[in-house]
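The values are calculated or read from the model by the stated rules, or taken from the named source; none is laboratory data. Note that the structure is a prediction, hence the values are computed from the model and not measured. Cβ: placed from backbone, ideal geometry, glycine included. Neighbour counts: every protein chain shown. The protein model used for the area step is the full one, side chains on, heavy atoms only, and it has no ligands, DNA or RNA in it. Shrake-Rupley method; radii C 1.70, N 1.55, O 1.52, S 1.80 Å.
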Amino acid sequence: MKTLLRGLLAAFLFTAFAAPATQAFARDKVVYHINDAEQQALAALRNVRNQLDTVPDTDVVVVAHAKGVDFLMENYKDAATVGPLISALHARGVKFEVCEITMKQRNLKKDQFVLDADFTPSGVVEITRLQQKGYAYIKP
Amino acid sequence: MKTLLRGLLAAFLFTAFAAPATQAFARDKVVYHINDAEQQALAALRNVRNQLDTVPDTDVVVVAHAKGVDFLMENYKDAATVGPLISALHARGVKFEVCEITMKQRNLKKDQFVLDADFTPSGVVEITRLQQKGYAYIKP
Amino acid sequence: MKTLLRGLLAAFLFTAFAAPATQAFARDKVVYHINDAEQQALAALRNVRNQLDTVPDTDVVVVAHAKGVDFLMENYKDAATVGPLISALHARGVKFEVCEITMKQRNLKKDQFVLDADFTPSGVVEITRLQQKGYAYIKP
């Protein structure tokens, strides 16, 4: 009987305090959505840098699809500007994810992207699921 | 005493395992926000199609207000292009909701909209409440 | 023993019913993200007004950064139009928050902003944290 009660109490305390801790999102998490490199990429990179400068342990995922994937390509017209920013942010833990549906539709290959880029089967599915895991959303 | 304990245990187990299940959002849910048909509508429809092709049982609600409602009107200039896309997505369960405040301000009537369109009293209220019910947000 | 059980039961009931209540977000909460005053400010102010007209007790925070802070400056070119809207919304409880990183980068001082403006150390951090506290996100 005592054992049952103790187990119950322990389990209750675990739930009571673990659940709120999860809900409080002790660590900031955010997904940046880029679907137009021309309009958004440089602003987004600067936003992310400012966010990390303010709260260094923020989890940041940048998801790019459609025209948004361009700034992660090796031959991007502003690669000289954005390349070092991307590398610096990647070194600080930022993930850059390219939509594979976009790649298929635009006939792009993985080796056309910078080494800091990762890939995700569908950009919009990834953006949806990150939010449902507790990530905030920012459209730069 | 034993009855109380059993009830307590049952209730605890229900809470402990039911709550996380709800929080995990077993099914993807997402609201697409359209406030400029010209800039966003076609991209949004393609995004939604890609999302459903990847994860067919996703709950998708497209909320349109301001200049965003135009693509759901029967006389939309690109109706020949977007109409079939809208119908196909509607047949797959996607909801299209038009803001009634916009309709009032622009003096539009329900019969000017395609049959696949639904209506919501306020687009921004709907977008807010869907997110608070666990829907992710995507601005195409 | 009985005391322990009663305490446990009380604590359990509190958790079981308090947590869902919090998750239901009894009150609508929403953060509006403005990073381009020219494109978004007037639309955003009208959206917020419509939202409050529909659901008066909504918590609304408008976070402005980058080019988005301009409409909150005293010398904004459309101050005659947006000023009264800002004041009216502020009187109804809407918070307007200006990003201090933007101010530093653009060398702006607090006394250049309207009296209804508040300030936040980082706009993107604020937008992230409001969402993680349960605020919905709207990009006008």
Given all pairs of distinct Cα atoms, the stretch C:77-140 yields a Kirkwood Rh in Å of 13.2 Å
Any residue on another chain or 5+ positions along whose placed amide H is under 5 Å from the amide H of B:Ser122 is listed here as B:Glu100
Short version: ³J(HN,Hα) in whole Hz for each residue of the stretch A:134-140, in order, from phi by Karplus 6.51 cos²θ - 1.76 cosθ + 1.60 (θ = phi - 60°), x for Gly and Pro, what are they? x, 6, 6, 10, 10, 9, x
How many nm separate the modelled label positions at A:Ser87 and A:Asp59, each set 7 Å beyond the Cα in the direction of the Cβ? 2.8 nm
Counting only residues 5 or more apart in sequence or on a different chain, those whose built amide H sits under 5 Å from that of A:Asp36 are A:Gly68
P(r) weight above 23 Å for the stretch B:27-138, C-alpha pairs, percent: 20 percent
Give me the number: length gained by fully extending B:Met73 to B:Ala26, i.e. 0.36 nm times residue separation minus the C-alpha to C-alpha distance, one decimal in nm. 13.5 nm
For B:Lys133, inter-copy label-point distances (7 Å, Cα→Cβ), nm, shortest first, read 2.5, 2.5
Once the label point is set 7 Å along the Cα-to-beta-carbon vector, what list of distances in nm do you get between B:Lys110 and its counterparts in the other copies? 5.2, 5.2
Along the stretch B:94-107, Karplus-curve 3J(HN,Hα) (6.51, -1.76, 1.60; θ = phi - 60°) to the nearest Hz, with x for Gly and Pro, reads 6, 9, 10, 10, 9, 6, 6, 5, 4, 4, 5, 5, 9, 6
Could you compute how much accessible surface B:Asp111 exposes when probed at 1.4 Å, giving the result in Å² to the nearest 10? 120 Å²
Hey, which of these cross-link pairs are over 25 Å Cα-Cα: A:Lys67/A:Lys104; C:Lys77/C:Lys110; B:Lys133/C:Lys139; A:Lys109/A:Lys133; C:Lys95/C:Lys139; B:Lys110/C:Lys133? A:Lys109/A:Lys133; B:Lys110/C:Lys133
Quick one: with label points 7 Å out along Cα→Cβ, list the inter-copy distances for C:Asp53 in nm, shortest first? 4.1, 4.1
So for the stretch A:27-138: antiparallel DSSP bridges make up what percent, rounded to the nearest 5? 5 percent
Stokes-Einstein at 25 °C, 0.890 mPa s, Kirkwood radius from Cα pairs: D for the stretch C:63-112 in µm² s⁻¹? 215 µm²/s
Phi-derived 3J(HN,Hα) across the stretch B:54-59 with the Karplus relation (6.51, -1.76, 1.60, θ = phi - 60°), rounded Hz, x for Gly and Pro, is 7, 10, x, 9, 6, 7
